[in-house]
Amino acid sequence: MALIELMQRRRSVRRYSARPVSREDVLKCLEAARLAPSACNSQPWHFIVIDEPALKDRISERIFSGLYSMNKFAGEAPVLVAVVSEKENFLASFGGQVRDTSYCLVDIGIACEHFILQAQELGIGSCWIGWFDEGALKKELKIPKNKKIDIVISLGYPAEDKIVPKQRRSTEEMSSFNKYR
């Protein structure tokens with residue numbers, strides 16, 4: 001599948017089938033994330049795959065309840081992936097401070113997108129989630145308090161294979177050549 005077609009088909013999945021995702025396919029997604037570029041080659045990420053059903057269910061109950069219940073759908077996915085920020089190297093950190101840009105988050109975004117696009121190529125759906133109970137997730141996964149979990153990715157086969165056209169601004173509205181607008 002051509003890359004543009006893959007991006008056109010990719011969507012946030014919020015209804016999953018019970019079909020399990022193979023460890024082999026998860027490893028392919030992790031390999032895609034591993035290959036992502038990062039500022040000064042910092043690779044400031046750690047992916048924790050939660051694919052043990054009882055653990056995944058318990059974690060889902062805790063991190064997608066109450067204030068975070070709008071993302072309860074993610075508990076239907078057979079796999080959750082917690083993405084932890086790791087320390088970026090000195091040059092990336094210094095450059096980020098000078099530019100007032102969190103290169104760590106940019107790098108994690110690129111790695112997660114690689115992961116998600118690889119999943120899409122394998123026919124596996126995903127949803128990028130930023131709203132969850134981080135404290136509960138840290139406790140469940142024994143993540144040190146000084147670490148940050150920026151993203152949780154739900155991963156599984158879509159319950160339906162309906163492709164809905166994306167609502168996006170036109171190319172002309174979102175870009176310009178040689179000057180701002």
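The values are calculated or read from the model by the stated rules, or taken from the named source; none is laboratory data. Since the structure is predicted, the reported quantities are computational estimates derived from the model, not experimental observations. Positions of Cβ are backbone-derived with ideal geometry, glycine not excepted, and every protein chain shown enters the neighbour counts.
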Take the residues in region 16-45 that are surrounded by 13 or more Cβ atoms within 10 Å (Cβ to Cβ) and of a type in the set (K, R), then tell me which one is nearest to E121 (Cα to Cα).
K28
Among the listed residues E140, E86, which satisfies the condition of being at pLDDT 95 or above and within 18 Å of I48 (Cα to Cα)?
E140
Give the residues of region 136-181 that are surrounded by fewer than 13 Cβ atoms within 10 Å (Cβ to Cβ) and not in a loop (DSSP other than H, G, I, E, B), sorted by residue number.
T171, E172, E173, M174
Does any residue in region 144-164 that is free of Cβ contacts under 8 Å to residues at least 12 places away in the same chain come within less than 9 Å, Cβ to Cβ, of a residue that is assigned to a loop (DSSP other than H, G, I, E, B) six or more places away or on a different chain, and which pairs are these?
D161/G123
Run I63 past the list (1) within 14 Å of the chain's Cα centre (by Cα); (2) farther than 16 Å from I124 by Cα; (3) hydrophobic (A, V, I, L, M, F, W, C) and report the number of the one that doesn't hold.
(1)
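Table: residues versus (1) at positive phi; (2) touching an Asp or Glu at 6+ places or on another chain (Cβ under 7 Å); (3) of a type in the set (D, E, K, R).
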site	(1), (2), (3)
E5	no, no, yes
R11	no, no, yes
S22	no, no, no
E31	no, no, yes
R34	no, no, yes
N41	yes, no, no
F47	no, no, no
K56	no, no, yes
F64	no, no, no
Can you list the helices (runs of 4 or more DSSP H) lying wholly within region 1-90 that have 2 or more residues being over 21 Å from I149 (Cβ atoms) and out of contact with any Gly (no Cβ under 8 Å at 6 or more places or on another chain)?
3-9, 23-34
In this structure, does F132 turn out to be aromatic (F, W, Y), modelled with pLDDT of 95 or more, crowded, with 19+ Cβ neighbours inside 10 Å and farther than 20 Å from S38 by Cβ?
yes
Residue pairs meeting the criteria (Cβ under 8 Å; at least 6 apart or on separate chains; first within 15 Å of D161 (Cα to Cα) and at pLDDT 90 or above, in region 1-19; second surrounded by 13 or more Cβ atoms within 10 Å (Cβ to Cβ) and of a type in the set (S, T, Y)):
S12/S126; V13/S126; V13/S154; Y16/S154; Y16/Y157; S17/Y157; R19/Y157
